[in-house]
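Report on the following structure.
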Amino acid sequence: MSAINILTSFYLDINRLNIDRLNVFLYKLIMFKITNSTQSQNKKPIELFHNQIFTGKTILIIGGFHGDEPQGVKILKKALTKNFKTKNSIYILPCLNPDGLAKKTRVNANNVDLNRNFATKNWKFSNQDEFFGGKAPASELETQFLSNVINEIQPDIILSLHAPFKIVNYDGNAENICIPIAKIMNYPIENDIGYPTPGSFGTYCGIERNIPTITLELGEDESEKWQLEKVLDVIDYLSNLD
Ligand SMILES: [Zn+2]
């Protein structure tokens, strides 16, 4: 059974079993785990959550691309426990790279930078340093899982949490969406990170699939409390975007 089949059947189950409860929570960001069917190389679950709202825009929020950037993972795990009004369909993937998180490395268990491993037109075999793009495009389980999720849910907007540059970076037609985010964070908007990124997630989604893809680079010297408040405001903004 493929990950997507498992995901779909879990949807059906959850809709059948919880229909009354779901109506009560219709406008809240109550998140249900829709699959833990995918595991990283080291058999850690990669979890995806959804608020069970199927109207409005579809928003995908991702943390933990890089294991040495734990800020986004912590924030998204806390966001899952918060209730706030939302009219959009929200998916949260708190940690794409649990193996990297466990060993505090940018790369995954195979020493691949997931943000260089996507099957873009500009993917290339690179030096085996911390930006190693893998032995082939989408060679990594984590990359394959996220690519499948993108195909399945067809997000309208993607937000990905990174560190440490304190900027709002974007790919695709996302500048208008970035303006309020930059205001909330008090960060500048940069649409060019300043160095080439072959095989990046932003190129895969933002440039090659026309999905506005926002990379929010948090700082390293900010308090967890401040980051949580600000990112929850960003999620709130995206949750109610027309
Ligand atoms: Zn990063």
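Every number in this text was worked out from the coordinates using simple rules, so none of it is lab data. Computed from a predicted structure; not experimentally measured. We place every Cβ from the backbone using ideal geometry, glycine too, and count neighbours over all the protein chains shown.
Against the list (1) under 16 Å from the mean Cα position of the chain (by Cα); (2) more than 16 Å from the ligand (Cβ to nearest atom); (3) surrounded by fewer than 23 Cβ atoms within 10 Å (Cβ to Cβ), the condition Pro70 fails is (2).
For the residues Lys57, Lys77, the requirement of being away from the ligand (no atom under 16 Å from the Cβ), surrounded by 15 or more Cβ atoms within 10 Å (Cβ to Cβ) and under 22 Å from Gly219 (Cα atoms) singles out Lys77. Here is the figure for the range 57-96: residues that are in a loop (DSSP other than H, G, I, E, B), farther than 19 Å from Asp113 by Cα and touching a residue at least 40 places away in the same chain (Cβ under 8 Å) total 8. How about the range 187-236: which of its residues are part of a loop (DSSP other than H, G, I, E, B), among the β-branched types (Val, Ile, Thr) and in contact with an Asp or Glu (Cβ under 9 Å, 6 or more places away or on another chain)? Ile193, Ile211, listed by residue number.
Of everything in the range 99-110 that is in contact (Cβ under 8 Å) with a residue 40 or more places away in the chain and surrounded by fewer than 24 Cβ atoms within 10 Å (Cβ to Cβ), the residue that is farthest from Gly133 (Cα to Cα) is Ala102. Of the residues making up the range 164-175, not a single one is surrounded by fewer than 19 Cβ atoms within 10 Å (Cβ to Cβ), under 20 Å from Leu93 (Cβ atoms) and not polar (S, T, N, Q).
The residues of the range 111-121 that are surrounded by 14 or more Cβ atoms within 10 Å (Cβ to Cβ), more than 14 Å from the ligand (Cβ to nearest atom), touching a residue at least 60 places away in the same chain (Cβ under 8 Å) and of a type outside the set (A, V, I, L, M, F, W, C) amount to a single one, Thr120.
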